[in-house]
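Undergrad: To start, I am sharing the structure in question, which I have written as structure tokens.
The values are calculated or read from the model by the stated rules, or taken from the named source; none is laboratory data. Just so it is clear, the model here is predicted, and its values are computed rather than measured. Glycine also receives a Cβ, built like all others from the backbone with ideal geometry; neighbour counts cover every protein chain displayed.
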Amino acid sequence: MEANVERRTSNVQSANRTDSSSGERRTPEEIVRHVYLHIPFCARICPYCAFYKERADPAQTQRFCEALVREMDVAKDRFDITPQTIFFGGGTPTALSTAQLDVVLGGFHECFDLSELEEWTVEANPGSVSPRKAALLKERGVTRISLGVQSWDDALLTLLGREHNAAQAEASFHVMRDAGFPSVSIDLMFGLPGQSLAQWEETLTRTVSLGPDHVSAYCLTYEEDTEFFLRHARGEYRQDESSDASFFEAAQRILEAAGYGQYEISNYARPGHESVHNRGYWAGHDYVGIGPSAFSTVGLERWQNVCDYRAYADRVLGGASPIATKEALTPEMKRAEQTALLLRTRFGVPAEWLAAWPAETAEFVGLGMMERRGDTFVLTPKGRLLADSVAAAFV
């Protein structure tokens, strides 16, 4: 990704920073490079989504934004944070008003050194963007937009509970293009109830015709605590693995033919437009999460903030910690997570990591699902169809 902020060579400068509490010098490896911020608000609650989200209470939203900035201020004192990437997820970050977004974006500029920022992503839903809002995001340094289109079929959008139709989604895409963001991504879903292969291929073809820089294509999963899960449990919806495989293969075929490289099971990008933030997750880098329900992992500690934006704001503005749960990791747990995630990518897993599973490795190679490339094992196109099953054998 390209960035709109000046970059500098910083190894020496980073190594000379000190921990504010101990005075000890921090090495570049100890600096947190990735920050996630969660905005839980949605205009409509989609029946398939299991992420923490709520309809916003206008009387509470400004207070919530102030709490986000306060948590940033606390995080900068607790950790040495020099972001390489920032990611605003949700919910729908663009559900905030232009003025509220400015408060949150300004908080990052006030609290953190952004001179080494490479990528700043904001998730956006069609219907919640405008030229004015897009201009603010661009002006404040956002470099990447992830647009939640999901489908170009109006009937399927209605099924998904989306607030936009296909025409509005295309108009929103052009708003983001016209604003001049270096990278615009389109998110799509397949394996939807009643969706045909022809509908999916049409969605892929229309997406390619718009020329986004990145495409994410996710298979619907029936998550607990969602309306879709309940309907699946009642037998109203069925998951067809054979059909899902056909959808997946269609995405590979159409997107790769159009110049989008599959660098992760669900993610395709033109050269230079892979998500730096997500690659950091997959590689097991440290990250700090801001906002209700946000996770953080630093070293061998992982924690999650409370999943209630009102309680979150009360805690943060009252000087208390927003953390709800903590987990102590082991090096073995982190390595297992890295193995499972990296196997989903084109970068693969170091061969030495799989040395403890010689029989399993040999079996997958023999089945044509995995191959060795130098010092790395990667999944073949056949193996990508069953990536989760392959990963489970090693963790």
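Undergrad: Could you say whether any residue in the range 144-166 is of a type in the set (V, I, T), more than 18 Å from L37 (Cα to Cα) and more than 20 Å from the chain's Cα centre (by Cα)?
TA: yes
Undergrad: Which of the numbered conditions does A56 fail, given that it passes all the others? Conditions: (1) in a loop (DSSP other than H, G, I, E, B); (2) surrounded by fewer than 19 Cβ atoms within 10 Å (Cβ to Cβ).
TA: Evaluating A56 over (1) in a loop (DSSP other than H, G, I, E, B); (2) surrounded by fewer than 19 Cβ atoms within 10 Å (Cβ to Cβ) leaves (2) as the failure.
Undergrad: Can you give me the number of residues within the range 266-284 that are assigned to a loop (DSSP other than H, G, I, E, B) and at pLDDT below 95?
TA: Residues meeting the conditions: 2.
Undergrad: Here is a follow-up. Determine whether F247 is modelled with pLDDT under 95, more than 27 Å from L117 (Cβ to Cβ), assigned by TED's automatic domain parsing to the domain that holds D153 and not basic (K, R).
TA: no
Undergrad: Check every one of the strands (runs of 3 or more DSSP E) wholly within the range 295-395 and list those with 2 or more residues that are outside the structural domain of I31 (by TED's automatic domain parsing), basic (K, R) and more than 25 Å from the chain's Cα centre (by Cα).
TA: 370-373
Undergrad: Please enumerate the residues belonging to the range 226-246 that are farther than 28 Å from Y52 by Cα and either in contact (Cβ under 8 Å) with a residue 24 or more places away in the chain or not hydroxyl-bearing (S, T, Y) (or both).
TA: Once the filter is applied, which keeps residues that are farther than 28 Å from Y52 by Cα and either in contact (Cβ under 8 Å) with a residue 24 or more places away in the chain or not hydroxyl-bearing (S, T, Y) (or both), the range 226-246 yields S243, A245, S246.
Undergrad: Out of the residues in the range 216-234 meeting the condition of being out of contact with any helix residue (DSSP H, G or I) (no Cβ under 7 Å at 6 or more places or on another chain) and surrounded by 17 or more Cβ atoms within 10 Å (Cβ to Cβ), tell me which one is farthest from P193 (Cα to Cα).
TA: S216
Undergrad: Could you list, in sequence order, the residues of the range 41-76 that are polar (S, T, N, Q) and under 21 Å from the mean Cα position of the chain (by Cα)?
TA: none
Undergrad: Here's another thing I want to ask about it. Select, from A155, A198, the only residue that is at negative phi, touching a Gly at 6+ places or on another chain (Cβ under 9 Å) and surrounded by fewer than 22 Cβ atoms within 10 Å (Cβ to Cβ).
TA: A155
Undergrad: A further question on this structure: Provide a single number: the residues in the range 116-138 that are of a type in the set (S, T, N, Q) and in contact with a Gly (Cβ under 7 Å, 6 or more places away or on another chain).
TA: Of the residues in the range 116-138, 1 are of a type in the set (S, T, N, Q) and in contact with a Gly (Cβ under 7 Å, 6 or more places away or on another chain).
Undergrad: Now a separate question. Taking the options E332, E301, name whichever one is among the acidic types (D, E) and touching a residue at least 24 places away in the same chain (Cβ under 8 Å).
TA: Within the list E332, E301, the selection yields E301.
Undergrad: So, one more: In the range 316-329, what count of residues is obtained for those that are surrounded by 12 or more Cβ atoms within 10 Å (Cβ to Cβ) and either touching a residue at least 12 places away in the same chain (Cβ under 8 Å) or closer than 20 Å to F87 by Cβ (or both)?
TA: 7
Undergrad: Here is a list: I254, I265. Which entry is touching a helix residue (DSSP H, G or I) at 6+ places or on another chain (Cβ under 6 Å) and within 30 Å of P350 (Cβ to Cβ)?
TA: Just a single option satisfies the conditions, and that option is I265.
Undergrad: Another one. Taking the residues in the range 365-391 that are in contact (Cβ under 8 Å) with a residue 24 or more places away in the chain and of a type in the set (A, V, I, L, M) as candidates, determine which candidate is farthest from Q338 (Cα to Cα).
TA: For the range 365-391, the residue satisfying everything is L385.
Undergrad: Next up: The conditions are (1) under 20 Å from the mean Cα position of the chain (by Cα); (2) surrounded by fewer than 17 Cβ atoms within 10 Å (Cβ to Cβ); (3) within 14 Å of F108 (Cα to Cα), and H38 fails exactly one of them. Which is it?
TA: Status for H38: all satisfied but (2).
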